[in-house]
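Everything below concerns the one structure shown next.
Where a number appears in this text, it was derived from the coordinates with a stated rule and is not lab data. This one's a predicted model, so the numbers in the text were calculated from it and none came from an experiment. Neighbour counts run over all protein chains shown; Cβ positions are idealised from the backbone, glycine included.
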Amino acid sequence: MSELDGADFDSVVGPAHVAIIMDGNNRWAKKKHLPSIAGHTAGATAVRRVVEAAARSGVEVLTLFAFSSENWKRPKLEVDGLMALFMRSLKKELKRLNEHKIRLRVIGDLSGFSSGLQKQIQSVEDATKDNNQMTLVIAANYGGRWDIAQAAKKIAELVMSGALSPEDVDEALLGQHVALADLPPPDLLIRTSGEERISNFLLWQTAYSEFVFLPVLWPDFDQQHFDDAIQVYQNRQRRYGGR
């Protein structure tokens with residue numbers, strides 16, 4: 001019996017927070033004998049589809065891994081194309097975000113981006129901050145180890161200033177300083193392209209997430225793939241370490 005068999009989906013609560021590692025743009029482009037930027041452009045269209053699918057499904061938070069801290073190692077032409085695509089997408093999607101009352105947040109080390117891109121990110125975040133239908137989080141120049149390290153650094157600074165003592169430092173305190181501390185942790189993490197690893201994504205936040213790995217390349221990801229992943233999630237029993 002597969003994970004899609006035997007579940008009463010209507011009686012199971014869906015995930016409040018879905019995180020997705022959007023993998024497979026380059027492989028999609030290579031299969032079609034296209035340049036890598038064509039895969040990323042097609043991937044941006046898939047982002048629009050999944051945002052709409054998540055909103056229709058009642059998801060409260062959708063977090064997308066758009067650009068990891070390791071992606072700077074890619075060829076300069078590809079990275080430059082990604083940055084330009086990110087800028088265009090921010091400008092293009094602002095109206096749509098507001099129409100659907102979706103708030104945008106971007107997490108990661110934004111100091112690595114150009115001043116123009118940083119300003120555009122801030123502009124869209126400000127313009128959507130009062131939207132309350134869904135929160136769309138874009139992880140850009142983000143790494144899970146970086147996230148935990150910057151949280152530890154903030155706490156170390158508080159200890160050095162005397163605002164905290166070492167005895168105050170525990171899991172709960174560290175959890176207050178990682179990214180997305182004010183949002184529910186991901187219930188479901190989806191990765192496309194058939195790879196089965198989390199690649200330094202939300203290491204702290206996904207401690208008890210359900211993982212679903214799909215063979216589809218990201219540019220081909222659609223409403224049906226999203227619904228299938230939600231059904232797999234709904235057919236699982238989340239025990240959080242219990243029996």
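Between residue 182 and residue 95, residue separation times 0.36 nm minus the direct Cα-Cα distance comes to 28.8 nm. Bridgeable lysines around residue 31 (alpha carbons under 16 Å apart, same-chain partners fewer than 8 residues away excluded) are absent. For residue 70, project a label point 7 Å along Cα to C-beta. Then give me every residue of the stretch 11-54 with its amide nitrogen under 17 Å of that point. Taking a point 7 Å out along Cα→Cβ of residue 70, the residues of the stretch 11-54 whose backbone N falls under 17 Å are 20-27.
Summing charges over all other residues whose Cβ lies under 14 Å from the Cβ of residue 149, with Lys and Arg as +1 and Asp and Glu as -1, gives 0. Across every pair of non-identical alpha carbons in the stretch 1-124, the mean reciprocal distance, once inverted, gives a Kirkwood radius of 16.5 Å.
Computed over the stretch 24-164, relative contact order equals 29 percent, with contacts defined as Cα pairs under 8 Å that lie 6+ residues apart. Where a ≥ b ≥ c are the square roots of the eigenvalues of the C-alpha gyration tensor, would you call the stretch 91-216 rounded, which needs a/c under 1.5, or, failing that, prolate if a/b is larger than b/c, or oblate? Taking the square roots of the gyration eigenvalues as a ≥ b ≥ c, the stretch 91-216 is oblate. The charge dipole of the stretch 58-186, taken about the Cα centre with unit charges on the Cβ atoms of Lys, Arg (+1) and Asp, Glu (-1), comes to about 800 debye, rounded to the nearest 20. The alpha-carbon positions of the chain define a convex hull whose volume is 148 Å³ per residue.
Under a model in which nothing but the beta-carbon of Lys, Arg (+1) and Asp, Glu (-1) is charged, the chain shows a dipole of about 1000 debye around its Cα centre.
Taking a ≥ b ≥ c as the square roots of the eigenvalues of the Cα gyration tensor of the stretch 67-153, is the shape rounded (a/c under 1.5), prolate (a/b larger than b/c) or oblate? In terms of gyration-tensor shape, oblate. Karplus-based coupling profile of the stretch 223-228, in residue order and whole Hz: 4, 5, 4, 5, 4, 4, with θ = phi - 60° in 6.51 cos²θ - 1.76 cosθ + 1.60 and x standing for Gly or Pro. Using the Karplus relation 6.51 cos²θ - 1.76 cosθ + 1.60 with θ = phi - 60°, the per-residue 3J(HN,Hα) values for the stretch 84-96 come to 5, 5, 4, 4, 4, 5, 4, 5, 6, 8, 4, 4, 5 Hz, with x marking Gly and Pro.
With K and R counted +1 and D and E -1, the other residues having a Cβ less than 12 Å from that of residue 160 yield a net charge of +1. Note on residue 13 and residue 109: the extension gain reaches 31.2 nm, defined as 0.36 nm multiplied by sequence separation minus the Cα-Cα distance. For residue 119, the lysines whose Cα comes closer than 29 Å to its Cα, not counting residues fewer than 8 places off in the same chain, are 73, 76, 91, 92, 95, 101, 129, 153, 154. Helices in the chain, meaning DSSP H runs of at least 4 residues, each add -39500 (n - 2.57). Divided by all residues, the mean residue ellipticity at 222 nm is -13500 deg cm²/dmol.
Using only the Cα atoms of the stretch 125-168, build the gyration tensor, take square roots of its eigenvalues as a ≥ b ≥ c, and label the shape rounded, prolate or oblate: rounded if a/c is under 1.5, else prolate if a/b is larger than b/c, else oblate. It comes out prolate by the Cα gyration axes.
Please list, in order, the residues from the stretch 13-32 whose amide nitrogen is less than 15 Å from a point placed 7 Å along the Cα→Cβ vector of residue 77. Of the residues in the stretch 13-32, 30 have backbone N under 15 Å from the label point off residue 77. Only aspartates and glutamates eight or more places from residue 30 in sequence, or on another chain, were considered; those with a Cα closer than 16 Å are 78, 220.
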